[in-house]
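What follows is a single structure, written as structure tokens, with notes after it.
Readers should treat all values here as calculations from the given coordinates under stated rules, not as data from a laboratory. What you see is a predicted model, and the numbers here were worked out from it, not measured in a lab. Neighbour counts run over all protein chains shown; Cβ positions are idealised from the backbone, glycine included.
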Amino acid sequence: MYRILQLQLQTRIEALLKERYEIALANLVVELPPKIEFGEMALPVAFELAKRLKKAPRAIAQELQTALAATPGVAAVEIAGAGYLNVKLDRAGTAKRMAADEHAVVGGGGFRLVEHTSINPNKAAHVGHLRNAILGDSFARMLKKDEYKPGWETGVQNYIDNTGVQVADIVVAVTALQGMSLEDVRGWLMELIETNTRLDYACWDLYAAVSQWYEADSTQAVARKQLRLDTLHKIEAGGNETAKIAELIATGVLRRHLETMERLGIEYDFLPRESEILHLHFWETARALMVEKGVLYLETEGKNKGCWVMRRAISAAAGVELAEGGPDEDAKILVRSNGTVTYVGKDIAYHLWKYGLLGKDFGYAKFREYATHTCWISTVHGEGPRPDFGLGFGHADAIYNVIDSRQDDPQTQVKEALRSLGYVAESDRYTHLNYAFVGLTARTAEDLGYVLSEEDKAKNFIEVSGRKGFGVKADDLIDRMIAAARSEVDSRHPELDETERAEIAEAIGVGALRFFLLRFTRNTIIAFDYQDALAFDGETGPYAQYAAVRAANIFRKAGVSEEDALAGVASLDLAAMLESEEGTSVWEVWLTASRLSLVLEQAIATAEPAMLARYAFTLAQQFNNFYHRHHILTETDEARKTLLLATVAVARRELVRVLGWLGITVPSAM
């Protein structure tokens, strides 16, 4: 509702500026005053106009004041300080519109493609992977259509690098270290199933072992690294025993990854694999286009001689001048002198496909059935375009890639390649949702069984490494979170049956994990601490969940539905009830709840789900303060009780919504 009124006010200002001064401002700022007694919106527009009009800001504010006060939904406009315009909203009218669930429209046309998770299918997922997946899943939820918003048509992808060096390492581990043939690998996989042993966990240990094996014997180091390279080339080529072993293991680990993510409510629409990008010759098509456009060229001298290169975006932007007749030593290599294609080269081809600019498409096969939709996987030969999706996935209007900050440069080069090819609009609609890595607090590392040195114990965070075998497997962490929550639930609610206690514990454990990884801005390094995440006080998932549960309990005790409480507002005379000092404490909850659309829009525009996590905490905090101040169930004035119950309802409604976008469910009890 706040966003509707803000837009109306901005439209009114634009009209006034054009009518009175023949001026158009590119950006009309509307701020939230520091104190509610100043109003609900603050406009610094007079300061922005002062130089252009050669007038004092306060004089300009006086010229605008009366006209702005006539804006629908505005009760008064006051001038503060040297020229701020403080807007006071019509509290009664706003509350009634909110009770009727009137809010700004969030959404639009076009197809949004969100790619996240993208774990190498060579071992179990770890806590760092969870930050990627939870960020991407929450962002996709923010975009998608739901009961609150029309949203955008949105597809969720999980890119699978099933032909990369990490998969090659696992193949080396099973063939060279374990001495397995293709048939042996098939037997091993069956044995793992029969003994209920997880493939991704087994590969975790093998990956650490082979990483150490490469360096264990200096006399064999060169030969072992060559074996790694030869294995990689065989996997990329396909159609041989090595490639078949890689396919079996990578697909098996992928299935485990999807099961892990589904525990967190994370689902996908499409799993594009690098093997199909190679075998369907995506790169060759992209290369021909880049050569034709002069973006890709063969370097004939200098350190990059024999390589196909593209000038780096950072060099071009900085205006770096090349020595006369000399090579661009900083150019980005897309094809090495030995003919192998770099990560960036393949990624350029992949993103041309995403925008429907490549002239090629994958084959599609069903891979996993979720409750509401099918997850498809790429194939060389298969159905295409996707049968239930019209044009398929390769027709995005905007792309969002959740990839850690170490990939900032490659992502920049892909965007620059699109721009250099003439796809400027597509480059501008390409968003890299980068993020910093996740470590552990020393306390959590020790609780999970790791032996730390005194030096490690003094660190702010412990860095994890799958290659070294030091890290927290995602499922182990999820299990620990749920088990800790279950202990608390069992002690608080022994009267509930086993099934309900298990469901509550899962909602709390998963909610705590998701909220902790979302509440920090993307480029903040996180030191994960499961005890802090599970706390019922402070900026945590359980704190926000508890507020929503407390609100539900009020309605259960009152014997009134949330819908009836909200409907009752329509017949109330709210003006006097909300304008008093006591009424202001009630209005503050409505005001915070009214900002949901605005915060959602801002979070989407900045690709920052942390804004929603912060909002959820603020709304929960506002509600709890309201709860402790007002005696809702024992209120004897029926009109006031109706207002108080409606306040509970509106707070719970918006809290449940924002938690839903964060992928957090509200349990039946806490």
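Straight-line reach from Lys54: which lysines fall under 19 Å, measuring Cα to Cα and dropping same-chain residues less than 8 apart? Partners found: Lys18. Against the set (1) 37.0; (2) 39.9; (3) 43.6, the structure's computed mean projected area of the Cα convex hull in nm² falls on (1). Rounded to the nearest 10 degrees, the angle from helix 610-629 to the longest Cα principal axis of the chain is 40 degrees.
Among the GluC sites (Glu not before Pro) within region 223-258, not one is in coil by DSSP while having at most 15 neighbouring Cβ atoms inside 10 Å.
Compare the peptides 571-577, 589-595 by average per-residue count of other Cβ atoms within 10 angstrom and give them in order, highest first. Walk me through the intermediate numbers first.
Values: 571-577: 14.9, 589-595: 23.6.
Answer by packing, highest mean first, reads 589-595, 571-577.
Reducing region 71-87 and region 396-432 to their Cα centroids gives an inter-centroid distance of 42 Å. Could you list log10 I(q)/I(0) for region 423-518 at q = 0.15 Å⁻¹, which the Debye formula gives when each Cα is one point scatterer? At q = 0.15 Å⁻¹ the computed log10 ratios are -0.76. Ordering Ala365, Leu182, Leu619 by Cα displacement along the dipole of the chain toward the positive end leaves Leu619 in first place; charges were set at the Cβ atoms of Lys, Arg (+1) and Asp, Glu (-1). Rounded to the nearest 5, the antiparallel percentage of DSSP beta bridges internal to the chain is 55%. With r defined as the distance between the Cβ atoms of Glu601 and Ala365 and R0 fixed at 30 Å, what FRET efficiency is calculated, to the nearest 0.05? Using R0 = 30 Å, I get an efficiency of 0.20.
Counting Lys +1, Arg +1, Asp -1, Glu -1, what net charge surrounds Ser594 among other residues with beta carbon under 15 Å of its beta carbon?
In short, +2.
Any chance you could give the angle, 0 to 90 degrees and rounded to 10, that helix 541-558 forms with the longest Cα principal axis of the chain? Taking Cα atoms only, the helix is inclined about 40 degrees. For the chain, the longest principal axis of the C-alpha atoms and the axis of helix 199-216 are separated by about 60°. Approximating the spin labels as points 7 Å out from Cα along Cα→Cβ, the Thr374-to-Ala24 distance works out to 4.8 nm. The slack between Ala56 and His493, meaning 0.36 nm per residue of separation minus the straight C-alpha distance, is 150.9 nm.
Amide H contacts of Leu334: Trp308, Val309, Met310, each under 5 Å away and 5 or more positions distant or on a separate chain (H built 1.01 Å from N in the peptide plane; Pro and chain starts excluded).
In sequence order, region 32-46 has phi-based couplings of 9, x, x, 10, 5, 5, 7, x, 9, 9, 10, 10, x, 4, 5 Hz under the Karplus curve 6.51 cos²θ - 1.76 cosθ + 1.60, θ = phi - 60°, and Gly or Pro positions carry x. Pairs spanning more than 30 Å between alpha-carbon atoms, out of Lys303/Lys360; Lys96/Lys557; Lys145/Lys354; Lys145/Lys332: Lys303/Lys360; Lys145/Lys332.
For Lys234, go through the aspartates and glutamates and keep the ones whose alpha-carbon is under 16 Å away, minus same-chain ones fewer than eight residues off. Answer for Lys234, where 16 Å is the Cα cut-off: Asp161, Asp169, Glu247, Glu274, Glu276, listed by chain and number.
Placing pseudo-labels 7 Å out from each Cα toward the beta carbon at Arg406 and Ala483 gives an inter-label distance of 2.9 nm.
Each residue of region 290-306 is assigned a 3J(HN,Hα), and the resulting list reads 5, 5, 4, 7, x, 7, 10, 9, 8, 7, 10, 8, x, 5, 9, 4, x Hz, derived from the Karplus form 6.51 cos²θ - 1.76 cosθ + 1.60 (θ = phi - 60°), x at Gly and Pro.
Amide H to amide H, with H built 1.01 Å from N, Leu433 comes under 5 Å of Asn401, Val402, Ile403, counting only residues 5 or more places away or on other chains.
Give the residue list of trypsin sites (Lys or Arg not before Pro) in region 15-72 that are DSSP loop and have at most 14 other beta-carbon atoms within 10 angstrom. Numbers along the way, then the final one.
Working: sites: Lys18, Arg20, Lys35, Lys51, Arg52, Lys54, Lys55, Arg58; in loops: Lys35, Lys54, Lys55.
Hits after loop and neighbour filter: Lys35, Lys54.
What does the charge add up to near Glu63, with Lys and Arg as +1, Asp and Glu as -1, over the other residues with Cβ less than 11 Å from its Cβ? Don't skip to the end; give the middle numbers.
Working: positive: Arg20, Lys55, Arg58; negative: none.
Every neighbour counted, the sum reads +3.
Can you work out D for region 5-99 in µm² s⁻¹ from Stokes-Einstein, where Rh is the Kirkwood radius over C-alpha pairs, the temperature is 37 °C and the viscosity is 0.692 mPa s?
Working: Rh = 13.5 Å.
Answer from the Stokes-Einstein relation: 244 µm²/s.
What the phi angles of region 586-601 give under the Karplus curve with 6.51, -1.76 and 1.60, with θ = phi - 60°, is a coupling list of 6, 4, 4, 5, 4, 5, 4, 4, 5, 8, 4, 4, 4, 5, 4, 4 Hz, glycine and proline written as x. In this calculation the C-beta distance from Thr285 to Val222 is compared with R0 = 45 Å, giving a FRET efficiency of 0.80. Calculated [222 nm] ellipticity per residue, helices only, for the chain: -16500 deg cm²/dmol; basis is -39500 (n - 2.57) per DSSP H run with n ≥ 4, divided by all residues, nearest 500.
Over 32 Å between Cα atoms: which of Lys305/Lys473; Lys149/Lys641; Lys149/Lys415; Lys55/Lys88 fall into that group?
Numbers: Lys305/Lys473 43 Å; Lys149/Lys641 30 Å; Lys149/Lys415 30 Å; Lys55/Lys88 25 Å.
From the list (Lys305/Lys473; Lys149/Lys641; Lys149/Lys415; Lys55/Lys88), the Cα-Cα distance tops 32 Å for Lys305/Lys473.
Taking Cβ atoms as reference points and 14 Å as the exclusive limit, the residues near Gly660 contribute a net charge of +4, counting Lys and Arg as +1 and Asp and Glu as -1.
For a quick check of your reading of the filter: which GluC sites (Glu not before Pro) in region 86-170 sit in a DSSP loop and have no more than 15 other Cβ atoms within 10 Å?
Details: sites: Glu102, Glu115, Glu147, Glu153; in loops: Glu102, Glu147.
Filter output for region 86-170: Glu102, Glu147.
Between region 181-202 and region 543-619, the C-alpha centres lie 52 angstrom from each other.
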